[in-house]
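Below: one structure, written as structure tokens.
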Amino acid sequence: MSITKNFAKLEVILATFLLFVPLILIGYTNEVRGSISNYAYSKAPHVFSMLLSIASAMFIYNGAVKSKQWFNIILGCALIGVILTPHLDYPIWHYSFATLFFFRECICNDIF
């Protein structure tokens, strides 16, 4: 099996795993919070950071490998910004990074 196929398989596995981030956070903390960002203030902020870091790395990797998806590098960096700026402590920065992340998703999916 080629290295490209291995990475593609890993990407699918990670994407499937990341679909369950909300359930993982709820299960680990035994709390249902109003937003994913609010888990930065839970009893397990390291789990929140780890899961979003995995997602960020996946975006950056995808953008670096697939030249047509170069903007994913920016999305990955925006997600790192979301992780590093908790919304209650740094609301302007946090929501700026989150807006950049979600705005791109809206454009790509023709929501606007």
*Can you give the net charge of the other residues whose Cβ lies under 13 Å from the Cβ of VAL65, counting K and R as +1 and D and E as -1?*
+2
*Zero-based 10 Å bins, Cα pair distances in the stretch 61-100, whole percents*: 35, 40, 21, 4
_Pairs of lysine residues in the stretch 3-108 - Cα separation under 29 Å, sequence separation of 8 or more or cross-chain_ = 4
*At what distance in nm do the modelled label points of PHE7 and ARG33 sit from each other, each positioned 7 Å from its Cα along Cα→Cβ?*
3.3
*Between exposed trypsin sites (Lys or Arg not before Pro) in the chain, where DSSP calls loop and at most 14 other Cβ atoms lie within 10 Å, what's the longest gap?*
67-112
_Quick check on the chain: helices-only [θ] at 222 nm, where DSSP H runs of length 4 and up contribute -39,500 (n - 2.57) each and the sum goes over total residues. Nearest 500, please._
-23000 deg cm²/dmol
*Any idea what the relative contact order of the stretch 2-112 is, in percent, if you count C-alpha pairs under 8 Å spaced at least 6 apart?*
17
*Output ³J(HN,Hα) for the stretch 13-26: one whole-Hz value per residue in order, computed from phi by the Karplus curve 6.51 cos²θ - 1.76 cosθ + 1.60 with θ = phi - 60°, and x for Gly and Pro.*
4, 5, 4, 5, 4, 5, 4, 9, 3, x, 5, 5, 5, 4
*Treat the chain as a sphere of radius equal to its Kirkwood radius over Cα pairs and apply Stokes-Einstein at 20 °C in a medium of 1.002 mPa s; give the translational diffusion coefficient in µm²/s, rounded to a whole number.*
143
*asked:* What is the angle, in °, between the Cα long axis of helix 91-108 and the longest principal axis of the Cα atoms in the chain? Nearest 10 is fine, range 0 to 90.
replied: 40
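None of the figures in this text is laboratory data; all of them are computed from the coordinates on show. These numbers were taken from a predicted model, which means no experiment stands behind them. Don't worry about glycine lacking a Cβ; one is built from the backbone with ideal geometry, like all the others, and counts go over all protein chains shown.
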